[in-house]
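Have a look at the structure below, then the notes.
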Amino acid sequence: MAVGPTTRRRQLGADLRRLRELKGLTLEEAGARVGISKATLSRYETKEGTVKWPSVDALCREYGATDEERAALVELAKGAKIQGWWRSLADPIPDSMNLMLTLEDEVVREDHYACMYIPGLLQTRAYAEAVHRASEVQCEEREVQHMVDIRMKRQDLLDRQEPPHIWCVIDEAALRRQVGGREVMRKQLE
């Protein structure tokens, strides 16, 4: 299973909260014992902001976590800083895509029902370009190419060591719709 920053932060936050509650401590009490504020500890538990692994180590010791639990949570904290591939793009991605890319980067299974177009993870470059150009919202060619580059880069997850299981139901209308012309559709269907 892929484990990315969002998965790590969710797991870390849930485990820290569980350990604190097992110890019977409030956020304020637990934070005071290790020298961090109630607000900082709350952010750790709710997956907001950055996490400092020495604080996680101190919290685990205070909560009486086993050495194995402590080591695992410190590793999660260290790995929580790793950013997804899209953070290094020269052009920014639309805010609306950030969560989708984060979750897709960590996905184990992805299900699609497509009634208009072939799902993005299965599109060829020419098909994706035609879809973007056919949008009601007209974009400059540079923006079309940027969005298509992102779509093509997303497909790398299909080539990773443990790729996700992709399940698609594609309506016949999406298969017969002439997006980009006959040659584009022929290559897409191949």
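Once neighbouring chains are kept in place and the probe is 1.4 Å, which whole percent of the accessible area of the chain is contributed by carbon and sulfur?
51
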Which parts of the range 10-41 would a label at GLU162 reach, counting a residue when its backbone N lies under 16 Å from a point 7 Å out along Cα-to-Cβ?
-> 11
By how many degrees, between 0 and 90 and to the nearest 10, does the Cα long axis of helix 95-105 differ from the longest principal axis of the chain?
-> 80
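GLN161: net charge of surrounding residues, Cβ under 15 Å, Lys/Arg +1, Asp/Glu -1, itself excluded? Mind showing how you got there, number by number?
Details: positive: ARG160; negative: ASP105, GLU106, ASP156, ASP159, GLU162.
After counting each charged neighbour, the total is -4.
So what is Rg over Rh here for the chain, counting just Cα atoms and using Kirkwood for Rh? Write out the running numbers ahead of the final one.
Working: Rg = 22.0 Å, Rh = 19.5 Å.
My calculation puts Rg/Rh at 1.13.
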Measure nothing fancy, just the Cα-based angle from helix 5-23's long axis to the longest principal axis of the chain, in degrees from 0 to 90, nearest 10.
-> 30
Rounded accessible area per residue of the chain, 1.4 Å, Å² | 61
Assuming R0 = 25 Å, what is the FRET efficiency of GLN138 and ARG177, from their Cβ-Cβ distance, to the nearest 0.05?
-> 0.80
Nearest 10 degrees, 0 to 90: helix 53-63 Cα axis against the chain principal axis | 50
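What's the extension gain from LEU122 to THR26 if we count 0.36 nm per residue and subtract their Cα-Cα distance? Don't jump to the answer; show the numbers that get you there.
Numbers: separation 96, 0.36 × 96 = 34.56 nm, distance 4.84 nm.
Answer, rounded to one decimal: 29.7 nm.
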Sequence-distant residues sharing a close amide H with ALA114 (under 5 Å, placed H) = VAL169, ILE170, ASP171
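The values are calculated or read from the model by the stated rules, or taken from the named source; none is laboratory data. These numbers come from a predicted model, not from an experiment. As a convention, Cβ positions derive from the backbone with ideal geometry for all residues, glycine included, and neighbour counts pool all protein chains shown. The protein model used for the area step is the full one, side chains on, heavy atoms only, and it has no ligands, DNA or RNA in it. Shrake-Rupley method; radii C 1.70, N 1.55, O 1.52, S 1.80 Å.
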